[in-house]
Structures are given as structure tokens and as C-alpha cells.
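Here is the structure we will look at.
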Amino acid sequence: MTMPYYVPPEQLIKDRADFARKGIARGRSIVVLEYEHGVLLVAANPSNSLHKLSEIYDRVAFAGTGRFNEFESLRVAGIRYADLKGYSYGRTDVTAKGLANAYAQTLGQIFTHEIKPYEIEVMVAEVGLASADTSMFRIQFDGTLTNVEHHGAIGGKHEELDEALSQGFAEAMSLDAAISMATSAIESIEETSIAPTGWEAAVLDRNRGRRTFRRLSVEEISAARQ
């Protein structure tokens with residue numbers, strides 16, 4: 001009888017983490033930050049049909065980077081989770097924290113039990129009625145959950161982007177100023193120039209009523225960058 005090939009658990013975990021990081025590094029980063037009326041989400045995305053940013057529920061948004069099919073499956077699952085919870089209990093019971101915890105459990109389970117981990121990172125944001133009630137969470141490929149304050153980034157160069165955002169961020173920024181800072185930070189860190197049609201951006205605007213999510217047009221992004 002042939003003995004099964006043995007791999008130390010710590011080596012197996014390291015190899016899975018290295019594999020996931022390499023996959024994530026091939027995708028472009030995404031920035032999420034607060035502005036005066038809510039939360040801005042910005043991604044470099046040349047596709048008009050494959051979205052990295054999405055509405056999950058009334059006041060909750062999703063951003064994903066890495067393999068599209070993998071974070072898209074999480075996005076769809078998140079919408080179903082939110083719809084079921086909102087219908088069963090109440091719309092105010094659907095929160096970014098609850099959704100982030102569900103994503104963290106799913107990604108952690110996949111990372112430890114499946115042969116191939118997901119090559120993705122996601123961000124979940126919720127806009128509150130006041131700035132102090134706004135929350136953002138970063139969930140990594142292994143299920144690690146991090147609470148983000150004021151601004152954050154996901155993707156292969158998230159650490160450099162976080163540093164750039166820290167230097168330029170100011171509380172109660174206008175939307176135009178936030179767009180300009182976020183897009184400039186991404187171009188600087190990625191070391192590339194991105195055409196106006198190569199951006200995808202959306203906001204959670206607390207002044208919009210119940211459904212706060214709104215996609216920004218190419219014209220709005222271009223005007224803010226001038």
C-alpha cells in the first residue's frame with residue numbers, strides 16, 4: 001500500500017496564501033473612502049458590463065478585486081443574504097458588519113478546506129445617517145476581517161494605497177475632491193495613466209433617501225479630475 005504524500009500544515013497554509021496573493025496582485029486595486037455626504041468607491045475598470053462595485057442593499061455596497069467569477073459569486077450570495085434577512089426581520093437589520101462576518105466565514109472555510117483558495121479581496125461599506133455611523137470592512141482571501149476607518153483599499157498594492165490616502169485624506173471632503181484624490185492615488189501607485197472611460201465609481205449618498213447607492217457617470221468623474 002502506497003503511503004499518502006505528507007505536507008506539513010504550516011507549509012500547506014503558506015502555499016495557499018502565496019497562491020492567493022499572486023492572483024490578487026494581478027488585479028488592479030480599489031479605493032473606498034468617506035466624503036461629506038457618505039462613502040465613495042473607485043476602481044480602475046475598463047469593462048462597462050463587468051462591475052467591481054455593486055449595491056447590496058439600501059445602505060450597503062460591495063467592492064471586489066481579483067478573479068471576477070469568484071467575487072461575483074460572493075456578491076450574489078450577499079444580495080440573497082440581505083434580501084432574506086431584510087424580509088424576515090427588518091430592513092434596518094441588514095448591516096455591513098453582518099454581511100462582512102458572513103463573507104469572512106465563507107472565505108475562511110474555503111481557504112482551509114478547499115483545494116484552491118479564492119483569489120479575491122472584498123470590501124463592504126455602509127453609510128449611516130451621520131458620519132459617525134458609517135462603517136467599512138475589508139475581508140481577505142483567508143477570511144481575515146478588518147475594520148476600516150475613513151478610507152481603505154483592497155488589491156495587490158493596498159498598503160501603498162493606504163499610505164497615499166492617509167496623506168491626502170481630510171474629513172468632510174467634497175465629492176469632487178474625493179474623486180480626484182482617489183483616482184490620482186490609484187494612478188500614482190499603479191504607475192499608469194487611466195482614460196476617463198477606464199474608471200468605475202459609485203457613492204453611498206445618505207441624502208438620497210432609502211436607497212443610497214448611485215453609480216457615477218464618466219462625465220462626473222472627468223469633471224472632478226480637471
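The values are calculated or read from the model by the stated rules, or taken from the named source; none is laboratory data. Keep in mind the model is a prediction, meaning the values are calculated, not measured. Cβ coordinates were reconstructed from backbone atoms using ideal geometry, including for glycine residues, and neighbour counts include every protein chain displayed.
Please tell me if Val7 is out of contact with any Phe, Trp or Tyr (no Cβ under 9 Å at 6 or more places or on another chain) and surrounded by fewer than 11 Cβ atoms within 10 Å (Cβ to Cβ). Break it down into steps so the answer makes sense when it comes.
Numbers: out of contact with any Phe, Trp or Tyr (no Cβ under 9 Å at 6 or more places or on another chain): yes; surrounded by fewer than 11 Cβ atoms within 10 Å (Cβ to Cβ): yes.
Judged against the criteria, Val7 is a match.
Inspect all residues belonging to segment 201-219 and state whether any of them is over 18 Å from the mean Cα position of the chain (by Cα), closer than 16 Å to Asn45 by Cα and not acidic (Asp, Glu). Steps first, please.
In the first step, residues of segment 201-219 are kept if they are over 18 Å from the mean Cα position of the chain (by Cα); the result is 206-211, 217-219.
Checking which are closer than 16 Å to Asn45 by Cα leaves us with 217-219.
Next, only the ones that are not acidic (Asp, Glu) stay: 217-218.
Yes, the conditions are met somewhere in segment 201-219.
In this structure, is Leu33 touching a residue at least 60 places away in the same chain (Cβ under 8 Å) and either under 18 Å from Thr146 (Cβ atoms) or under 12 Å from the mean Cα position of the chain (by Cα) (or both)? Steps first, answer last, please.
Details: touching a residue at least 60 places away in the same chain (Cβ under 8 Å): yes; either under 18 Å from Thr146 (Cβ atoms) or under 12 Å from the mean Cα position of the chain (by Cα) (or both): yes.
When the stated conditions are applied, Leu33 passes them.
The rows are residues; the columns are (1) in contact with a helix residue (DSSP H, G or I) (Cβ under 6 Å, 6 or more places away or on another chain); (2) in a helix (DSSP H, G or I); (3) at pLDDT 90 or above.
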site: Phe111; (1), (2), (3): no, yes, yes
site: Ala132; (1), (2), (3): no, yes, no
site: Asn147; (1), (2), (3): no, no, yes
site: Glu163; (1), (2), (3): no, yes, yes
site: Asp176; (1), (2), (3): yes, yes, yes
site: Glu200; (1), (2), (3): no, no, yes
site: Val203; (1), (2), (3): no, no, yes
site: Ala224; (1), (2), (3): yes, yes, yes
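Quick test for you: out of Lys97, Lys14, Lys22, Lys85, pick the one residue that is part of a helix (DSSP H, G or I), on the phi < 0 side of the Ramachandran plot, surrounded by 15 or more Cβ atoms within 10 Å (Cβ to Cβ) and charged (D, E, K, R). Before the answer, list the steps.
Working: Lys97 fails: surrounded by 15 or more Cβ atoms within 10 Å (Cβ to Cβ); Lys14 fails: surrounded by 15 or more Cβ atoms within 10 Å (Cβ to Cβ); Lys22 fails: surrounded by 15 or more Cβ atoms within 10 Å (Cβ to Cβ).
Matching residue, one of Lys97, Lys14, Lys22, Lys85: Lys85.
Being at pLDDT below 90, under 24 Å from Lys97 (Cα atoms) and crowded, with 19+ Cβ neighbours inside 10 Å: is that true of Gly156 here?
Details: at pLDDT below 90: yes; under 24 Å from Lys97 (Cα atoms): yes; crowded, with 19+ Cβ neighbours inside 10 Å: yes.
The answer is yes for Gly156.
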